[in-house]
Structure formats: C-alpha cells, structure tokens
Amino acid sequence: MRAKLLVVAVALLVAWGLKRHYAEATAEELAWMLTPTTRLVSVITGATFEWRAGEGYFSHDRLFLIEKSCAGINFMISAFGMLTIVLCHRCAVARSALRILGVSLLASYVAAIAVNVVRIGIALQLAHHPLWLSSLSASDVHRLEGIAVYFGGLVLLHELVRQFDRRALAQGRLS
C-alpha cells in the first residue's frame, strides 16, 4: 500500500512539474519534444522545416509552424498518468514503484512524440487539402483533429499496455 501511495504522490509531482515547465517554457526549452517530433514529421511527410528562434520549426513550402502548443506536453502528462494508474497494481515495494514511474515516463515521452507525428502529419494534409465544411473554421478542424488523434492515441496506448501487462503476468514476469 505504501508503494502505491508513493507512486501516486510522485506521479502527481511529476505531472505538476511537467505542466509548470510547459506553462513557462519557451520553444527553445521545449526542443526536447519539438526537435524529434519535427524530424520524424519531415521524414514521413517530406516537408522541410527550419528553426525560428522564439517560435519553433517553420516549413516555408507548407506555411506550417510546429510551435510550443504542438509539443504534446499535455498528451504526455495524460499518458504518464494513465500508464501509472494502469500499472500501479504492480507496485509491491518502493523499487517496483520507481520502476513503474520510470517506465511510464519513458513510454509517455515516446508515445507523445509518435502521436504528435501522426497529428501533425494529418494537420499538414488537412492544411494542404482543406476540407470545406461551411460550419467549421480551419482552427476548428485542427482542434477536432487534435482531440481525435490524442484520444485515439491514449486508447491505443492503454490497450497496448494492458496487452503487455496480461502477457507478462501470464508468463510470471514483472511482478
């Protein structure tokens, strides 16, 4: 029980710290998220981006900016919290609690980058081939696309972790 309380307390502190960092951070201070995301978007879409100090990565040919709000920190925080909760049942002692926190933080970082690449790739396609829906503005479409991709990413990540957890339990590992 103490290990589970430790996990919850530390997870809340990490989530709060990430949120505070994100709220006050500049684009430069979020390069740890923006740079790998932009590089993968470039590889997948063929779009070229250049760094603009204080702004983020800008694509001249696509007229698209990957900026602070595109970093995916809120998704990362959500994924971290969800992973910690899903795996919390494994926290028998402090050592396993710390392992769960580390795995959850790393997995949420990787998932945030992957989901952001998908979201930005779709956003680039939508910007290049706009959907002409008379009742929705371009920003509304972008917002709805973000919600759908982020929600889908959380659902997929949850299912992957549950499948991994079930297999590991069945094989008697990671207890």
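The values are calculated or read from the model by the stated rules, or taken from the named source; none is laboratory data. In this text, all values refer to a predicted model and were calculated from it rather than measured experimentally. Note: ideal-geometry Cβ built from the backbone for every residue, glycine included; neighbour counts use all protein chains shown.
Picking from residues in the range 75-98 that are under 27 Å from Val118 (Cβ atoms) and β-branched (Val, Ile, Thr), the one that is modelled with the highest pLDDT is Ile77.
Can you work out which of the residues in the range 55-74 that are of a type in the set (S, T, N, Q) and more than 10 Å from Thr38 (Cβ to Cβ) is modelled with the highest pLDDT?
So the first thing to find is which residues in the range 55-74 are of a type in the set (S, T, N, Q), and the list is 59, 69, 74.
Narrowing the set further to residues that are more than 10 Å from Thr38 (Cβ to Cβ) leaves 69, 74.
Working: Ser69: 92, Asn74: 96.
Taking the candidates together, the pick is Asn74.
Restricting attention to the range 128-146, the residues being farther than 19 Å from Leu63 by Cβ and modelled with pLDDT under 80 number 4.
Applying the selection to the range 146-171, what residues are without any contact (Cβ under 8 Å) to a residue 40 or more places away in the chain and more than 17 Å from Cys88 (Cα to Cα)? Write out each step before concluding.
Taking the range 146-171 as the starting set, the residues that turn out to be without any contact (Cβ under 8 Å) to a residue 40 or more places away in the chain are 146-149, 151-152, 155-156, 159-160, 163-164, 166-171.
Passing the criteria: Gly146, Ile147, Ala148, Val149, Phe151, Gly152, Val155, Leu156, Ala170, Gln171.
Applying the criterion of being among the aliphatic types (A, V, I, L, M) and more than 22 Å from Ala25 (Cα to Cα) to the residues of the range 42-57, the residue that is surrounded by the most Cβ atoms within 10 Å (Cβ to Cβ) is Ala47. At least 1 residues being surrounded by fewer than 17 Cβ atoms within 10 Å (Cβ to Cβ), over 16 Å from the mean Cα position of the chain (by Cα) and of a type in the set (S, T, N, Q) is the threshold, and among the helices (runs of 4 or more DSSP H) wholly inside the range 60-175 those reaching it are 94-128, 138-170. Within the range 23-43, the set of residues being closer than 14 Å to Phe64 by Cβ and either under 16 Å from the mean Cα position of the chain (by Cα) or aliphatic (A, V, I, L, M) (or both) comprises Leu34, Thr37, Thr38, Val41. Among the residues making up the range 10-28, those that are closer than 27 Å to Glu50 by Cα, of a type in the set (A, V, I, L, M) and part of a helix (DSSP H, G or I) are Leu18, Ala23. In this structure, Tyr22 does not qualify as touching a strand residue (DSSP E or B) at 6+ places or on another chain (Cβ under 6 Å) and surrounded by 16 or more Cβ atoms within 10 Å (Cβ to Cβ).
Please list, ordered by first then second residue, the pairs with beta carbon atoms under 7 Å, 6 or more apart or interchain, first in the range 1-16 and without any contact (Cβ under 8 Å) to a residue 12 or more places away in the chain, second surrounded by fewer than 15 Cβ atoms within 10 Å (Cβ to Cβ). Hits for this filter: zero, empty list.
Does Thr35 qualify as being touching a residue at least 40 places away in the same chain (Cβ under 8 Å), polar (S, T, N, Q) and surrounded by 12 or more Cβ atoms within 10 Å (Cβ to Cβ)?
On the way: touching a residue at least 40 places away in the same chain (Cβ under 8 Å): no; polar (S, T, N, Q): yes; surrounded by 12 or more Cβ atoms within 10 Å (Cβ to Cβ): yes.
No.
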